[in-house]
Structure formats: structure tokens, C-alpha cells
Amino acid sequence: MAWTLYDYRDRRGENPVRRWCERLQKKDLAKMNQRIDLLESNGHEFCPGLASNLHGAPHLHKIRVNSNVAPRLFLCKGPINMASEYTLLLGEFEKDDELPEGTLQLAESYRQEIINDPKNRRGLHERAKK
Amino acid sequence: MSELRSNLREEFHDKEYRHSYADESLNTYIATQIKVLREQQKLTQKELADLTGMAQPRIALLEDINYSSWSINTLRRIAEAFDLRLSVRFETFSSLIPETETFSREALERAPFKEDTWFHKKDVQAVEMPILRAAYAEQAQSPERKLGKILHMSVGSAAVASSA
């Protein structure tokens with residue numbers, strides 16, 4: 001089944017996920033878009049390793065792309081309709097297998113903002129292009 | 001035209017982009033198909049490891065779409081364990097579009113030799129058409145055009161066979 005993808009929107013209504021994706025190198029953006037296409041067509045469970053679960057953040061998943069800058073995209077199922085939606089929350093870069101401190105907490109706070117105000121704090125996924 | 005088609009049609013004009021996207025699709029296809037085939041044959045990772053002479057963690061690695069260091073030799077061993085043939089081909093970029101759009105469990109499952117109907121049914125003609133259709137469809141590079149041509153040819157030869 002196909003899933004509907006949303007992106008988190010900040011207070012000004014801007015899309016930080018798309019902005020982050022647009023900063024990726026072209027080849028990393030291609031890899032990230034391939035992962036996002038897979039998520040949209042098959043959900044996160046069909047392809048092993050597509051969006052891993054995270055210790056200490058039960059509602060979040062992480063898409064990883066192999067690259068020298070280690071881009072990571074954080075997302076959640078739903079959070080409004082758990083059976084048909086995913087929301088992309090936050091992009092970050094890992095260094096030495098470590099994320100910047102507070103990344104998961106920030107992603108989780110974005111998820112909460114969406115739950116509290118789904119109409120304004122998320123919008124349909126916008127594909128990043130170079 | 002679907003949104004995905006329309007996006008890829010535009011994005012693939014960039015060489016670096018299309019090769020990166022295709023590389024990731026290949027890794028995804030291989031890892032997911034190994035998992036799907038293993039589940040289709042009701043094998044655990046440990047059982048597949050035993051059949052291939054590999055360690056179970058290696059199978060887990062091969063089933064991860066983020067892994068890209070597989071080799072043809074390794075895949076040959078997996079194919080033999082599944083009693084399937086390994087097919088390695090060079091393809092056009094347009095052929096990636098239907099492959100991406102139809103990517104699913106059903107599209108990845110394959111019958112091992114003992115269930116490969118064409119070899120085991122007594123009435124070969126009754127099973128020949130769907131099997132050949134599936135095989136030709138798999139090979140079609142430019143999906144609509146080439147598949148149409150092949151089906152036309154198959155129907156033509158079936159008509160000749162039945163009139164004979």
C-alpha cells in the first residue's frame with residue numbers, strides 16, 4: 001500500500017526538512033530521495049534497514065544514507081493517522097557514529113508539536129531538488 | 001503520469017543523480033529480495049547461513065539495504081541455496097521506473113526449481129503462456145512498448161501453434 005508522507009513545518013510555516021535535504025550533496029540527495037520513495041511506496045518495515053528503530057525514542061525512526069557526511073533523517077509513523085502516514089521531522093549529520101546532542105529530543109518535540117496542531121505544524125512532503 | 005515517474009523523469013537527466021539513485025535501488029532490491037525469498041522458503045537466517053556456508057550475521061548484513069559490499073560470488077551461493085538462477089544484466093535507466101513502482105513482496109518472490117511449473121506440468125502448453133509472459137515482462141527494458149511487442153509475438157506464435 002502507498003503511504004502519505006508529511007514534512008514538519010516550523011512556527012513560520014517553513015519546511016526545515018526540505019531545506020536540510022537541499023543542502024545535501026547531489027549524490028546524497030539522490031540516495032535520500034530513493035529512501036523516501038521506498039518509504040512512500042512500502043512503509044518502513046518491508047525493506048530491512050530502511051528506517052531503524054531508536055533506543056530511548058520509541059516513536060522515532062532513522063533513515064541513514066551511506067556517505068562521508070553521514071546524513072540521517074528522523075521520522076515518525078503518523079502521528080495523526082498511524083495506519084497510513086509518516087511524517088519527516090528532522091535531518092542531521094552523524095559524526096563518528098554520534099548525533100549532535102539533543103537531536104532525538106528535538107525530533108520528539110517536533111512530533112508533539114504536530115500532535116498538538118496538525119493543521120499548521122506539518123504539510124504534505126515536498127521533494128527536495130538540486 | 002504518476003508523481004514518482006514525473007520526478008524521476010526530470011531528475012535522471014543528471015548523471016550523478018541517476019547513478020546514485022540506481023545504486024541505492026540495486027542495494028535495496030538485493031537485500032529485500034534475499035529476505036523475501038528466505039521467508040518464502042520458510043527459512044531462518046541461521047538455516048540460510050547453513051545452506052550457504054556463511055555465518056548468520058553475514059546473512060543479516062546481506063539483508064540490510066544499507067549494505068553494498070556484496071559480491072557476485074556471494075549472490076551465486078545464495079541463489080544456489082534458494083535453487084534459483086542468479087541474473088546479472090546491464091539495463092536502461094527507464095527500466096528502473098516500473099521496477100520502482102511495482103516494488104513489492106509479490107514482485108520479488110520466485111519459485112524454486114521444484115515449484116517452477118514449466119518443468120513439472122505434463123501439459124506444457126497450458127502453462128507456457130503465463131510463464132513466458134512473466135519471463136518476457138521481466139526482461140522488457142522499455143516496459144509499455146517492448147512488453148506490448150512481445151505479447152503480440154507470443155499471441156501470434158500461440159495462434160500458429162494451436163492452428164497446427
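The values are calculated or read from the model by the stated rules, or taken from the named source; none is laboratory data. It should be emphasised that the depicted structure is a prediction, and the values quoted were computed from it without experimental measurement. When we count neighbours, we look across all protein chains shown, and the Cβ atoms used for this are built from the backbone with ideal geometry, even at glycine. Keep in mind that these areas ignore ligands, DNA and RNA; they rest on the heavy atoms of the full protein, side chains included. Shrake-Rupley method; radii C 1.70, N 1.55, O 1.52, S 1.80 Å.
Residue-wise test of (1) among the hydroxyl-bearing types (Ser, Thr, Tyr); (2) under 29 Å from B:ASP23 (Cβ atoms); (3) without any contact (Cβ under 8 Å) to a residue 24 or more places away in the chain.
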residue	(1), (2), (3)
A:PHE46	no, yes, yes
A:SER52	yes, yes, yes
A:LYS62	no, yes, yes
A:GLY78	no, no, yes
A:TYR86	yes, yes, no
A:GLY91	no, yes, no
A:GLU101	no, no, yes
A:LEU106	no, no, yes
For the stretch B:55-86, enumerate the residues that are outside any loop (DSSP other than H, G, I, E, B), open to solvent by 70 Å² or more (accessible area, probe 1.4 Å) and in contact with a Phe, Trp or Tyr (Cβ under 8 Å, 6 or more places away or on another chain). B:LEU61
Some residue of the stretch A:71-89 being assigned to a loop (DSSP other than H, G, I, E, B) and within 14 Å of chain B (Cβ to nearest Cβ): no
Considering only the stretch B:13-21, I want to know if a residue exists there that is surrounded by fewer than 15 Cβ atoms within 10 Å (Cβ to Cβ), away from chain A (no Cβ under 14 Å) and assigned to a loop (DSSP other than H, G, I, E, B). no
Being in contact with a Lys or Arg (Cβ under 8 Å, 6 or more places away or on another chain) and of a type in the set (A, V, I, L, M, F, W, C) is the filter; apply it to the stretch A:52-74 and report the residue that is surrounded by the most Cβ atoms within 10 Å (Cβ to Cβ). A:PHE74
Specify the residue that is nearest to the other protein chains (Cβ to nearest Cβ); the eligible residues are those in the stretch B:22-42 that are over 18 Å from B:ASN66 (Cα atoms) and surrounded by 15 or more Cβ atoms within 10 Å (Cβ to Cβ). B:ARG38
Enumeration of residues in the stretch A:1-41 that are at the interface with another protein chain (Cβ under 10 Å from one of its Cβ atoms) and free of Cβ contacts under 8 Å to residues at least 12 places away in the same chain: A:ALA30, A:GLN34, A:ASP37
Just checking, how many residues over the stretch A:51-61 are out of contact with any Phe, Trp or Tyr (no Cβ under 6 Å at 6 or more places or on another chain) and outside any loop (DSSP other than H, G, I, E, B)? 7
Determine whether the stretch B:43-54 contains at least one residue that is part of a helix (DSSP H, G or I), within 9 Å of chain A (Cβ to nearest Cβ) and either open to solvent by less than 60 Å² (accessible area, probe 1.4 Å) or among the polar types (S, T, N, Q) (or both). no
A:ASP97 versus (1) surrounded by 14 or more Cβ atoms within 10 Å (Cβ to Cβ); (2) under 23 Å from B:THR28 (Cα atoms); (3) of a type in the set (D, E, K, R): which is the lone unmet condition? (1)
The correct count of residues that are touching a Leu at 6+ places or on another chain (Cβ under 8 Å), closer than 13 Å to B:LYS35 by Cβ and within 14 Å of chain A (Cβ to nearest Cβ) in the stretch B:59-88 is 3
Considering only residues that are farther than 17 Å from A:GLU14 by Cα and open to solvent by less than 50 Å² (accessible area, probe 1.4 Å), which ones fall in the stretch A:102-118? A:GLY102, A:THR103, A:LEU104, A:GLU108
